[in-house]
1. Tell me the residue from 272, 267 that is of a type outside the set (Val, Ile, Thr) and part of a loop (DSSP other than H, G, I, E, B), please.
2. Scan the stretch 44-62 and give yes if some residue there is at pLDDT 75 or above and not in a helix (DSSP H, G or I), otherwise no.
3. If residue 334 satisfies all but one of (1) surrounded by 15 or more Cβ atoms within 10 Å (Cβ to Cβ); (2) over 24 Å from residue 269 (Cα atoms); (3) in contact (Cβ under 8 Å) with a residue 12 or more places away in the chain, what's the number of the condition it fails?
4. Quick check on my filter: what residues within the stretch 191-215 are among the small types (Gly, Ala, Ser) and over 15 Å from residue 180 (Cβ atoms)?
5. Within the stretch 144-262, which strands (runs of 3 or more DSSP E) (wholly inside it) include 2 or more residues that are among the small types (Gly, Ala, Ser) and touching an Asp or Glu at 6+ places or on another chain (Cβ under 9 Å)?
6. Can you tell me which of 105, 99, 125 is at positive phi, part of a loop (DSSP other than H, G, I, E, B) and not hydrophobic (A, V, I, L, M, F, W, C)?
7. I need a count of the residues in the stretch 238-288 that are touching a residue at least 24 places away in the same chain (Cβ under 8 Å), among the hydrophobic types (A, V, I, L, M, F, W, C), surrounded by 19 or more Cβ atoms within 10 Å (Cβ to Cβ) and within 26 Å of residue 226 (Cα to Cα).
8. How many residues does the stretch 320-346 hold that are in a loop (DSSP other than H, G, I, E, B), more than 16 Å from the chain's Cα centre (by Cα) and not hydrophobic (A, V, I, L, M, F, W, C)?
Amino acid sequence: MSQAPNLEELQRQALAELAQAGDAAALETWRVRYLGKKSVLIQTLRALGGLPPDERRAAGARANQLKVALESGFAERKRVVETLALAAGKEALDISLPGGPVLLGRLHPITAVVREICGIFMRMGFEIAEGPDVETDYYNFEALNIPADHPARDSFSTFWVERQAGSAGPPLLLRTHTSPVQIRVMEKRQPPVRVIAPGRVYRYEATDATHESMFYQIEGLAVDRGITMADLKGTLAQFARLFFGPERKTRFRCDYFPFVEPGMECAIDCFACGGKGCRMCGNSGWLEILGAGMVHPEVLRRVGIDPDVYTGFAFGMGVERMPILKYGIDDIRLFYSNDLRFLRQF
């Protein structure tokens, strides 16, 4: 028969050595010696199997008490050692040493441009209006004088949204422009109306240096008595000067959009060549920035506004196009590539 180990002496010896452990390395050495898989404690517990049954029961209970005491002592000593190490580290800190630079976040260039453009038009008396990204066919096309058989629909490569099986309702799509917001605003209020509608729009098309399937637009609308083309041209000329610089010149040429009549494009003189012609402007001397026109009378009738009493103008621009022109960026995909080397330039 084996002799019962002296557990009291083992506990006294282990705790005495634990009290001498002054750092993490010494603590780990002690833990392996007394609590590890091949520790003195494990060997002691294994030796209990050779004791008589009566002694084995009492020795086993005492051994379990020893294990709890050692684990508790180890946890307490570890806390003391870590506290002492932390205090020592604070005392050793050289407060005269210059700190490292703190990198600050910044607005994404598209967010910054949206805010800048919105701020310009808000100072002109416009207010911001928003609408859903998922629209109905009516608000995205029909109400804007683009019926189902209209050829202009061919220029809008659309993401259609499938409804759940068994659900009814009009066709849904991801909006292809923010013009539906203008319709929703005119349905809810009578003139005078002056709003701008910033937001994401979606086109089902291949991406390249000048095209993205998701991008931002800002569209504007003003409806009131006596609004003329002169008001539209003055508003856009002022925007061009405030955004691109006070020396900018503007040019307006006829263009076609189903929801305005007459329609036009607005361009600014190329700031790379001063209007002389270069690669950036295609040797034309001008850079197109947006489309605009007088609100089509049929669009006003659809929202219950009498076109014989009220007139209005509307305009729309791609937000990404503004910094592309302003900063000479050659690839629209850079805005959404999450490349910090690019984003940190703004």
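1. Details: 267 fails: part of a loop (DSSP other than H, G, I, E, B).
Sole residue among the options that is of a type outside the set (Val, Ile, Thr) and part of a loop (DSSP other than H, G, I, E, B): 272.
2. Restricting attention to the stretch 44-62, the residues satisfying the condition of being at pLDDT 75 or above are 61-62.
From what is left, the residues that are not in a helix (DSSP H, G or I) are none.
No, that holds for no residue.
3. Every condition holds for residue 334 apart from (3).
4. To start, the set of residues in the stretch 191-215 that are among the small types (Gly, Ala, Ser) comprises 197, 199, 206, 209, 213.
If the condition is that a residue be among the small types (Gly, Ala, Ser) and over 15 Å from residue 180 (Cβ atoms), then 206, 209, 213 are the ones that fit.
5. Working: elements: 172-174, 193-202, 214-224, 250-255.
Passing ranges, in order: 193-202.
6. Details: 105 fails: at positive phi; 99 fails: at positive phi.
Selected residue: 125, the only one of 105, 99, 125 that is at positive phi, part of a loop (DSSP other than H, G, I, E, B) and not hydrophobic (A, V, I, L, M, F, W, C).
7. Within the stretch 238-288, residues that are touching a residue at least 24 places away in the same chain (Cβ under 8 Å), among the hydrophobic types (A, V, I, L, M, F, W, C), surrounded by 19 or more Cβ atoms within 10 Å (Cβ to Cβ) and within 26 Å of residue 226 (Cα to Cα) number 7.
8. Selection size over the stretch 320-346: 4.
The values are calculated or read from the model by the stated rules, or taken from the named source; none is laboratory data. Predicted model, so just to flag it, every value in this text is computed and none were measured. Using ideal geometry, Cβ is built from the backbone for each residue, glycine included, and neighbour counts are taken over all protein chains shown.
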